[in-house]
Amino acid sequence: MSRALGLAIVAFAALVLAWAAESILPRRPPGGLRGLAIVGLVGGILAGWAAASLGFHMGPVPGGVSLLVALLGSALSISLVAAYTARFKRGR
């Protein structure tokens with residue numbers, strides 16, 4: 001599989017996770033679905049890159065991108081942004 005296909009799968013997974021996060025959150029996050037998808041994509045790529053550089057691969061690895069690690073990175077980055085914006089909007 002090509003690297004582009006792996007990145008496309010990570011982008012799709014980030015979009016699905018962003019949609020799920022947006023539907024769960026009580027308030028609309030800044031940037032909405034598009035913003036959360038970008039944050040998830042960046043988190044997934046960074047997590048996949050970090051895992052690959054450490055030699056850690058978990059699950060399927062299409063195009064050199066470890067999907068489970070990328071999903072965990074996307075979910076973590078979206079969760080952190082959602083928690084930060086919720087805390088910021090409440091006024092701490």
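The values are calculated or read from the model by the stated rules, or taken from the named source; none is laboratory data. Since the structure is predicted, the reported quantities are computational estimates derived from the model, not experimental observations. Here the Cβ is made from the backbone with ideal geometry for all residues, glycine too, and neighbour counts use every protein chain on show.
What number of residues in segment 2-14 are modelled with pLDDT under 75 and not in a loop (DSSP other than H, G, I, E, B)? Can you show your working first?
Within segment 2-14, the subset modelled with pLDDT under 75 is 2-3, 6.
Filter once more, so that each one left must be not in a loop (DSSP other than H, G, I, E, B): 3, 6.
Total satisfying the criteria: 2.
Please verify whether L17 is out of contact with any Gly (no Cβ under 6 Å at 6 or more places or on another chain) and either at pLDDT below 75 or surrounded by 15 or more Cβ atoms within 10 Å (Cβ to Cβ) (or both), treating the condition exactly as stated. Lay out the reasoning, then the answer.
On the way: out of contact with any Gly (no Cβ under 6 Å at 6 or more places or on another chain): no; either at pLDDT below 75 or surrounded by 15 or more Cβ atoms within 10 Å (Cβ to Cβ) (or both): yes.
Answer is no for this residue.
Can you tell me which residue among G32, G44 is out of contact with any Pro (no Cβ under 7 Å at 6 or more places or on another chain), surrounded by 15 or more Cβ atoms within 10 Å (Cβ to Cβ), of a type outside the set (D, E) and at pLDDT 75 or above?
It is G44.
Is segment 49-59 home to any residue that is under 14 Å from L7 (Cβ atoms), out of contact with any Lys or Arg (no Cβ under 9 Å at 6 or more places or on another chain) and at pLDDT below 80?
Taking every residue of segment 49-59 in turn, at least one turns out to be under 14 Å from L7 (Cβ atoms), out of contact with any Lys or Arg (no Cβ under 9 Å at 6 or more places or on another chain) and at pLDDT below 80.
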